[in-house]
1. Quick check on my link table: of 48/139; 42/96; 106/155; 42/139, which ones sit more than 29 Å apart, alpha carbon to alpha carbon?
2. What do the square roots of 5 times the Cα gyration tensor eigenvalues come to for segment 3-123, in whole Å, largest first, as semi-axes of the equivalent ellipsoid?
3. Residue farthest toward the positive end of the dipole of the chain, with Cβ of Lys/Arg at +1 and Asp/Glu at -1: which of 82, 178, 68?
4. Peptides 127-139, 50-62, 163-175: what's the order by average Cβ count within 10 Å, highest mean first?
5. Using Cα springs under 10 Å in a Gaussian network model of the chain, which residue among 64, 33, 77 shows the largest mean-square fluctuation?
6. Rounded to a whole number of µm²/s, how large is the Stokes-Einstein D of segment 92-179 at 20 °C and 1.002 mPa s, given Rh as the Kirkwood radius over C-alpha pairs?
7. Please work out the Cα convex hull volume for segment 31-75 and give it in Å³ per residue.
8. What does the charge dipole of the chain about its Cα centre add up to, to the nearest 20 debye, if the Cβ of each Lys and Arg holds +1 and the Cβ of each Asp and Glu holds -1?
Amino acid sequence: MDARQLKVEAARAALAHVGDGMRLGIGTGTTAEEFVRLLAEKVATGLKVIGVPTSERTAALCRELGVPLSTLDETPELDLTVDGADEVDPDLTLIKGGGGALLREKIVAAASGRMIVIADKSKMVGTLGRFPLPIEVNKFGLRATEIAISAAAAKLGLSGPVTLRMTGSQPFVTDGGHF
């Protein structure tokens with residue numbers, strides 16, 4: 001099986017947990033996009049669900065494919081969230097948020113009764129850390145926040161640079177408008 005087919009199979013396994021009338025958190029990333037495509041096929045054949053997307057990119061794909069959407073303010077309690085991961089270790093500890101929707105992903109997950117994380121084998125690692133740990137921060141007080149993050153990491157015995165993700169010459173901005 002190629003990488004895309006593995007993502008499709010992971011998405012199909014998650015879709016088996018979706019029932020009629022469910023309120024779904026719909027995650028971000030390439031595997032979550034495969035879930036959206038499969039979900040859209042079920043919606044086209046009569047499945048009734050409402051989705052709350054965790055990113056603008058996911059929202060656009062859902063609209064394009066006909067998956068009904070809501071906001072978390074309109075639908076504050078969700079039955080299930082299906083989302084991807086950047087890395088997963090053998091204990092199922094994971095890193096998420098590298099796509100720029102970290103805060104939204106966490107808020108949607110917290111509003112859900114259950115969460116299914118879908119990932120193909122390329123996301124499995126022996127030890128977390130191959131992928132940088134994303135931390136979404138408010139633009140206000142950026143330097144003070146950077147110092148606080150460095151101090152907290154040092155207290156935990158962690159090392160490595162705290163860096164601001166860039167897009168060209170500009171700081172990367174998340175869907176929530178943060179760095």
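FYI, it's all coordinate maths here, none of it is from the lab. All of these numbers come straight from a predicted model, not from anything done at the bench. Glycine also receives a Cβ, built like all others from the backbone with ideal geometry; neighbour counts cover every protein chain displayed.
1. Working: 48/139 39 Å; 42/96 27 Å; 106/155 24 Å; 42/139 40 Å.
Over 29 Å Cα-Cα: 48/139; 42/139.
2. Values: eigenvalues 81, 54, 33 Å².
The three semi-axes for segment 3-123 are 20, 16, 13 Å.
3. 178
4. On the way: 127-139: 14.3, 50-62: 21.6, 163-175: 11.5.
So the peptides 127-139, 50-62, 163-175, ranked by packing, come out 50-62, 127-139, 163-175.
5. Largest GNM mean-square fluctuation: 64.
6. Details: Rh = 14.9 Å.
D = 144 µm²/s.
7. Numbers: hull volume 2.7 nm³, N = 45.
Each residue corresponds to 60 Å³ of Cα convex hull volume.
8. On the way: 20 positive and 22 negative charges, 55 e Å.
For this selection, approximately 260 debye.
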